[in-house]
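Working notes, structure below.
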Amino acid sequence: MKKHSLLNGIAIAAITCTCSFLSCKPEQKATVQPEEQRAEILFETTMGNFKMALFNETPLHRDAYLVLTKVGYYDSLLFHRVIDNFVLQAGDPNSRHAKPGELLGDGEPFRIPAEIHFPKLYHKRGMVNAAREGDETNPNRLSCGSQFAIMTCGPLTDQQIERGQQRMWQGTDSTATLTEEMIKTYKEVGGSPHLDAQYTVFAEIVEGMDVVDKIQKVATDQYDRPVEDVRIIKATVVKDYK
């Protein structure tokens, strides 16, 4: 416990400095780098491994996840929220020593300013967003500093896409609209359009989506927590940001 407390303190200090530096210069825009220059994190879990690539268009989130991974923050955390054909969520620090059936999801080491890049980054299947509190208590849509959610929904019907668009309009005062390319992707690949333009999409799964699909099929309780714990054994930066 002392080791993780110390490491988490270092992580918080590092991210605070990074966020302060970048947020004080709103006129600066994130430099868009080629895909081959994206950092990658390997998550080893009790049900297999998957790899996540971090977008350089969201530098605050990218740097936060790299620092947290390097200090061992994600090691032994649970997937505390699993909804079949919708989402996998992990990163709550309270899950490390959680008792069976304990309600999870409120833990966060810090918050990160929103970096929403719609329509370039949207919630197609395999994308990863940053969990956050709702607009009622979090109007600036600040991201939870460590909790992430993987989109797992399969191909959508026209009706499902339309419902997603309606919900997106409600959350954005009708300022965000799905493009034809996005609609095509949601029909062929899947995803969750109702979240678009409201949550920061900061990464995507580039390897091991079959493992993600396997995890989403586990039995869950009334809180959407797996009945049998699914745990991140270790997270490792296998490719750093250039």
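The values are calculated or read from the model by the stated rules, or taken from the named source; none is laboratory data. Computed from a predicted model, the values in this text were never measured in an experiment. Every residue, glycine among them, receives a Cβ derived from its backbone with ideal geometry; neighbour counts consider all protein chains shown.
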Identify, from the list 168, 182, 209, the residue that is within 22 Å of residue 78 (Cβ to Cβ), within 20 Å of the chain's Cα centre (by Cα) and surrounded by 15 or more Cβ atoms within 10 Å (Cβ to Cβ).
209
Suppose the filter is touching a strand residue (DSSP E or B) at 6+ places or on another chain (Cβ under 9 Å), of a type in the set (Lys, Arg), modelled with pLDDT of 95 or more and buried (at least 20 other Cβ atoms within 10 Å of the Cβ); does residue 225 pass it?
yes
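Against the definition (at pLDDT below 95 and more than 15 Å from the chain's Cα centre (by Cα)), how does residue 241 come out, yes or no?
Numbers: at pLDDT below 95: yes; more than 15 Å from the chain's Cα centre (by Cα): yes.
Judged against the criteria, residue 241 is a match.
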Filtered residues of segment 43-98 (kept if among the acidic types (Asp, Glu) and either assigned to a strand (DSSP E or B) or buried (at least 24 other Cβ atoms within 10 Å of the Cβ) (or both))
44
Residue under question is residue 190, and the condition is that it be surrounded by 18 or more Cβ atoms within 10 Å (Cβ to Cβ), small (Gly, Ala, Ser), touching a strand residue (DSSP E or B) at 6+ places or on another chain (Cβ under 9 Å) and farther than 22 Å from residue 79 by Cα; does it hold?
no
Residue 228 is checked against (1) in contact (Cβ under 8 Å) with a residue 12 or more places away in the chain; (2) at negative phi and fails just one. What number does that condition carry?
(1)
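Can residue 158 be described as under 20 Å from the mean Cα position of the chain (by Cα), loosely packed, with under 14 Cβ neighbours inside 10 Å and either modelled with pLDDT of 95 or more or not aromatic (Phe, Trp, Tyr) (or both)?
Values: under 20 Å from the mean Cα position of the chain (by Cα): no; loosely packed, with under 14 Cβ neighbours inside 10 Å: yes; either modelled with pLDDT of 95 or more or not aromatic (Phe, Trp, Tyr) (or both): yes.
No; evaluated as a whole, the condition is false for this residue.
Here are 188, 180: which of them is farther than 22 Å from residue 102 by Cβ and free of Cβ contacts under 8 Å to residues at least 24 places away in the same chain? I'd like the intermediate steps shown before the answer.
Numbers: 188 fails: free of Cβ contacts under 8 Å to residues at least 24 places away in the same chain.
Checking each option against the conditions leaves just 180.
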Residues of segment 127-141 being closer than 14 Å to residue 107 by Cα and in a loop (DSSP other than H, G, I, E, B), in sequence order, are 131, 132, 133
What are the residues in segment 130-150 that are surrounded by fewer than 24 Cβ atoms within 10 Å (Cβ to Cβ) and among the polar types (S, T, N, Q), if any?
137, 138, 140
